[in-house]
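The next block holds one structure in the form of structure tokens; read it before the comments.
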Amino acid sequence: MATYTYRIQIRRASASAWTSNAPTLKSGEWGLEEDTGKLKIGDGSTAWASLLYLPVDTDGQIYLLDD
């Protein structure tokens with residue numbers, strides 16, 4: 001079985017930069033607020049301000065909810 005190495009880079013900026021630039025993240029693209037540690041994932045059509053933050057547990061762990 002072949003082994004593959006991938007590098008994933010998360011788009012990042014300060015919270016104020018995200019707000020002032022108001023980008024739309026591509027579908028599946030992650031955006032990190034470097035100063036708050038909060039994350040959002042784009043859907044390809046929703047502007048930054050309208051995306052929800054990923055849920056974070058009280059110990060700072062990110063978790064994804066099952067439908």
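The values are calculated or read from the model by the stated rules, or taken from the named source; none is laboratory data. On a predicted model such as this, the values are computed, not experimentally measured, just so you know. Here the Cβ is made from the backbone with ideal geometry for all residues, glycine too, and neighbour counts use every protein chain on show. Accessible surface is based on the protein model in full, side chains and every heavy atom, while ligands, DNA and RNA are left aside. Shrake-Rupley method; radii C 1.70, N 1.55, O 1.52, S 1.80 Å.
Of note:
- Qualifying positions in the stretch 52-67 - at pLDDT 75 or above and either open to solvent by 100 Å² or more (accessible area, probe 1.4 Å) or not in a strand (DSSP E or B) (or both): Leu52, Leu54, Pro55
- Residue count for the stretch 14-23, restricted to those that are of a type in the set (Gly, Ala, Ser), touching a residue at least 24 places away in the same chain (Cβ under 8 Å) and open to solvent by less than 50 Å² (accessible area, probe 1.4 Å): 0
- For beta carbons closer than 8 Å, sequence separation of 6+ or different chains, a first residue in the stretch 24-41 that is part of a loop (DSSP other than H, G, I, E, B) and a second that is open to solvent by less than 50 Å² (accessible area, probe 1.4 Å) and hydrophobic (A, V, I, L, M, F, W, C), the qualifying pairs are Leu25/Trp48; Leu25/Leu51; Glu34/Ala13; Asp35/Ala15; Thr36/Ala15; Lys38/Ala15; Lys38/Leu32; Lys38/Leu54.
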